[in-house]
Amino acid sequence: MSPKRKTRNNELSNGLAKLKSDRYANFLGIQITKIERGYAQANLTVAEPMLNFNGFAHGGLIFSLADEHLLLLATRLIRLQ
């Protein structure tokens, strides 16, 4: 493995470790299920307390999901391109 690729893999691993230790993401149950160059997929199981008065996922929950894994993309994966 080239030194450059090794550095990229280390950055990615560090980013994933930080996300896994994020208390807010863990509280919400956010999980990164797929990650590759320039792409990340996160999942979240929506429980009844997370619904708004119309019975849909609360907008704040959706933005929290986007915010938690977008940070990983922005700070780590952009460097890989």
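Name the single residue, out of those in the stretch 3-28 being part of a helix (DSSP H, G or I) and polar (S, T, N, Q), that is modelled with the highest pLDDT.
Residue satisfying both the conditions and the ranking: Asn26.
Just to be sure, is Arg37 surrounded by 15 or more Cβ atoms within 10 Å (Cβ to Cβ) and modelled with pLDDT under 80?
no
Working only within the stretch 29-76, note down all residues that are part of a helix (DSSP H, G or I) and touching a Gly at 6+ places or on another chain (Cβ under 6 Å).
Leu72
Among the numbered criteria (1) modelled with pLDDT of 80 or more; (2) in a helix (DSSP H, G or I), which single criterion is violated by Arg79?
(1)
The values are calculated or read from the model by the stated rules, or taken from the named source; none is laboratory data. Given the structure is predicted, the values throughout are model-derived calculations rather than measurements. Virtual Cβ from ideal backbone geometry, glycine too; neighbours counted across all protein chains shown.
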